[in-house]
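Novice: One structure coming up, written as structure tokens, with questions to follow.
The values are calculated or read from the model by the stated rules, or taken from the named source; none is laboratory data. Nothing here was measured: the structure is a model prediction, and the numbers come from that model. Neighbour counts are summed over all protein chains in view; Cβ atoms, including those assigned to glycine, are modelled from backbone coordinates with ideal geometry.
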Amino acid sequence: MLTLGGCDPGPAHPAAPAQEQERLLARARMVREQLVARGITDARVLEAMARVPRHEFVPAGPRGEAYEDWPLPIGHGQTISQPYIVAFMTAALEPKAEDRVLEIGTGSGYQAAVLSGLVTEVYTVEIVAPLAQRAEADLRRLGYGNVKVRAGDGYLGWPEAAPFDAIIVTCAPEKVPQALVDQLKAGGRMIIPVGSPWGAQELVLLRKGPGGLERQVVLPVRFVPMVKGR
């Protein structure tokens, strides 16, 4: 487990003032044109999206496209999700300040950074070890001190830290892993894309009620497949 130290979020090497201002404007435009205009209304989520520097989680090559509304490659066949999907999934999860959240599919660390300012703790699991290491380093550098990163099999979740108030999955299994259901608190929420890597996928919101899982399909999506460990 990689545990991050705490400090105020901010780049270790600040950009030149003009460049930083340009990025702030790009982030504000992203929120206004990609999120608010498409129906994202949760004020806390919008503030988090405006605050987190997405370009810091994008490799140097495509960094100039960091605030455009499409996914970008981050290496190892993986992507950082488009801003709208990040905001949509975060809002659907209804994060509360006291929540402990499990994320499956750390990727670049961007989704974890967005959640970091909305909840008490974020636990995030990434099966591709180099991505986990890079995300851990970036999250530490940027000061997201309530995020814990693990390189491991997302199908197993993070059992010793369970139960979780909410779980967010950013890669698509063909069916919801039972281990994740087991690690969700009673009354908890899970947002997860489900479906074939070659066919249709649906973004599903699950609530763990007294009678079992309540399931709501909320959006057709396309995510990278969820990979099992060996």
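Novice: Check off (1) of a type in the set (Gly, Ala, Ser); (2) in contact with a Pro (Cβ under 7 Å, 6 or more places away or on another chain); (3) surrounded by 22 or more Cβ atoms within 10 Å (Cβ to Cβ) for Gly143 and give me the number that stays unchecked.
Specialist: Exception for Gly143: condition (3).
Novice: Taking the residues in the stretch 134-165 that are of a type in the set (A, V, I, L, M, F, W, C) and touching a Gly at 6+ places or on another chain (Cβ under 6 Å) as candidates, determine which candidate is farthest from Gln201 (Cα to Cα).
Specialist: Checked the stretch 134-165; the qualifying residue farthest from Gln201 (Cα to Cα) is Leu139.
Novice: Also, I was wondering about something else. For the subset of the stretch 113-140 comprising residues that are of a type outside the set (A, V, I, L, M) and within 20 Å of Gly188 (Cα to Cα), which member is surrounded by the fewest Cβ atoms within 10 Å (Cβ to Cβ)?
Specialist: Thr120
Novice: Could you say which residue among Val101, Val36, Val52 is under 23 Å from Ala172 (Cα atoms), at pLDDT 95 or above and not basic (Lys, Arg)?
Specialist: On the way: Val36 fails: under 23 Å from Ala172 (Cα atoms); Val52 fails: under 23 Å from Ala172 (Cα atoms).
Being under 23 Å from Ala172 (Cα atoms), at pLDDT 95 or above and not basic (Lys, Arg) holds for just one of Val101, Val36, Val52, which is Val101.
Novice: Here's a check for you: in the stretch 146-179, which residue that is of a type in the set (Asp, Glu) and out of contact with any Leu (no Cβ under 9 Å at 6 or more places or on another chain) is surrounded by the most Cβ atoms within 10 Å (Cβ to Cβ)?
Specialist: Asp153
Novice: Among the residues of the stretch 90-138, count how many are over 15 Å from Ile74 (Cα atoms) and in a helix (DSSP H, G or I).
Specialist: Adding up the residues that qualify gives 8.
Novice: Select from the stretch 146-186 the residues that are under 14 Å from Thr124 (Cα atoms) and without any contact (Cβ under 8 Å) to a residue 12 or more places away in the chain and list them in ascending order.
Specialist: The answer is Glu160, and nothing else.
Per-residue answers, yes or no, for (1) among the aliphatic types (A, V, I, L, M); (2) in contact with a Phe, Trp or Tyr (Cβ under 8 Å, 6 or more places away or on another chain):
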position	(1), (2)
Glu126	no, no
Gln133	no, no
Asp138	no, yes
Tyr144	no, no
Ala151	yes, no
Asp165	no, no
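Novice: Only residues that are surrounded by 14 or more Cβ atoms within 10 Å (Cβ to Cβ), of a type in the set (A, V, I, L, M) and out of contact with any helix residue (DSSP H, G or I) (no Cβ under 9 Å at 6 or more places or on another chain): list them for the stretch 45-81, please.
Specialist: Within the stretch 45-81, no residue meets the criteria.
Novice: Would you mind listing the strands (runs of 3 or more DSSP E) fully within the stretch 143-230 where at least 3 residues are in contact with a Lys or Arg (Cβ under 9 Å, 6 or more places away or on another chain) and within 27 Å of Pro53 (Cα to Cα)?
Specialist: Qualifying strands (runs of 3 or more DSSP E): 164-169, 184-195.
Novice: Mind checking which pairs have a first residue in the stretch 210-227 that is touching a residue at least 24 places away in the same chain (Cβ under 8 Å) and aliphatic (A, V, I, L, M) and a second that is surrounded by 11 or more Cβ atoms within 10 Å (Cβ to Cβ) and in a loop (DSSP other than H, G, I, E, B), Cβ under 6 Å, 6 or more apart or different chains?
Specialist: Pairs that qualify, where the first residue is touching a residue at least 24 places away in the same chain (Cβ under 8 Å) and aliphatic (A, V, I, L, M) and the partner is surrounded by 11 or more Cβ atoms within 10 Å (Cβ to Cβ) and in a loop (DSSP other than H, G, I, E, B), are Val224/Cys171; Met226/Cys171; Met226/Pro173; Val227/Ile127.
Novice: Go over the candidates Gln183, Gln178 one by one and state the one that is modelled with pLDDT of 95 or more and over 21 Å from Asp99 (Cβ atoms).
Specialist: Selected residue: Gln178, the only one of Gln183, Gln178 that is modelled with pLDDT of 95 or more and over 21 Å from Asp99 (Cβ atoms).
Novice: Something else now. Report, ordered by the first and then the second residue, all pairs with beta carbons closer than 8 Å, sequence separation of six or more or different chains, a first member in the stretch 74-91 that is farther than 19 Å from Val194 by Cβ, and a second member that is buried (at least 20 other Cβ atoms within 10 Å of the Cβ) and among the polar types (S, T, N, Q).
Specialist: Listed by first residue and then by second, the contacts come to Ile74/Ser108; Ile80/Ser108.
Novice: Ok, one more. Of the residues that make up the stretch 203-226, is at least one small (Gly, Ala, Ser), under 28 Å from Ile40 (Cα atoms), modelled with pLDDT under 95 and surrounded by fewer than 18 Cβ atoms within 10 Å (Cβ to Cβ)?
Specialist: Yes, the stretch 203-226 contains at least one residue that is small (Gly, Ala, Ser), under 28 Å from Ile40 (Cα atoms), modelled with pLDDT under 95 and surrounded by fewer than 18 Cβ atoms within 10 Å (Cβ to Cβ).
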